[in-house]
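This report concerns only the one structure given below.
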Amino acid sequence: MELHFVRRGTGRPLLLVHGIGGSWRSWNTIIDALAAERDVIAVDLPGHGETPKLTGLNSIGTFADALTGFLTHHDLLGIDAVGSSMGARLVLELARRGGVLGAVVSLDPGGFWQGWQIPFFYHSVDVSVKLVKALQPVMPALAGSAVGRTVLLPQFSARPWAVDSQQAIDEMHTFAHSPAFDELLDQLAHGEVQRPAPTGSIPEPLVIGWGRQDRVCLPSQSALALAKFPDARLYWFEQCGHFPQWDQPAEATRLILAVTNRQPFTDASIARARPAVPAPALAKAAVAGAALALLAGGIWLLSARRKQGR
């Protein structure tokens, strides 16, 4: 199928693949910085943004097939790629298949949870998105204020009050309006497990970046990701949640350009100095309140489902 996409800049092509519920706009915090050096192609995956939903199964496998078809159609096989969240899982899968992508940066990939982490991921995201849908009439006002973002985004950002307001507004809108979201969430949690790539099978540079404060794909899951992709190098983003392009945009840009330009680098050269940004007292209180609200919502949802099952 044809995917909607935007294209900016000049140079060697670079593919950007957003996460579940997102769109090409998920990259707005860094797309211009990347386009200063590269020909950036940011897609809307099926059922996201301006791309229609697949008529059959919506899963990592079918999305990988759709992306491969898109790249083949546009003569872009071998393109360097960056993925975020579900998109990070997609670019890993395409790297595993071989012959589709060049250098790859995978930012906080989903799909490496085990045991209790599976229901934690599924129900926490499910509750969050249900709240986002319910709050759509007031979402622009909420996401447009620092306090509102702190209440809305603590699961996704280490510094939600500092997330760009328009970025938050756009993301909350697409989260609520993706017709593929529910099916994809179920597939990510309960569908096909990510197959491994044997040592030496991925010759191009491969880096997995992870936020130390990721509350969606927990940092401990990086161990399984590296076990399944032993050719990958792991990079840690400090003071960072699930989306490095939100919390550490300059650092994410440096990492992406170094990897996809095949430049040698040290972690220190990418991180540079990270000034500590203390959270306002009100923001800290809002984070705690949002976490309690999310927990309460999850308990309520599970209780309601149990009652329905009786």
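The values are calculated or read from the model by the stated rules, or taken from the named source; none is laboratory data. For clarity, every value in this text was computed on a predicted model and none was experimentally measured. Cβ atoms come from the backbone with ideal geometry, glycine included; neighbour counts cover every protein chain shown.
Tabulated values for the structure
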{"quantity": "Elements of type strands (runs of 3 or more DSSP E) in the stretch 12-111, at least 2 residues being of a type in the set (A, V, I, L, M) and under 26 Å from H177 (Cα atoms)", "calculated": "13-17, 39-43, 79-84"}
{"quantity": "Matching residues in the stretch 28-44 - criterion: being touching a Ser or Thr at 6+ places or on another chain (Cβ under 8 Å) and in contact (Cβ under 8 Å) with a residue 60 or more places away in the chain", "calculated": "I30, A33, L34, R38"}
{"quantity": "Residue in the stretch 49-76 that is modelled with the lowest pLDDT, counting only those that are touching a Ser or Thr at 6+ places or on another chain (Cβ under 9 Å) and farther than 26 Å from L257 by Cα", "calculated": "G56"}
{"quantity": "Unique match (being over 21 Å from T260 (Cα atoms), touching a Leu at 6+ places or on another chain (Cβ under 6 Å) and modelled with pLDDT of 95 or more) among I79, I20", "calculated": "I20"}
{"quantity": "Test: residue in the stretch 114-135 that is closer than 30 Å to A258 by Cα, buried (at least 16 other Cβ atoms within 10 Å of the Cβ) and under 19 Å from the mean Cα position of the chain (by Cα)", "calculated": "no"}
{"quantity": "Test result for S269, over 25 Å from G22 (Cβ atoms), at pLDDT 60 or above, polar (S, T, N, Q) and assigned to a helix (DSSP H, G or I)", "calculated": "yes"}
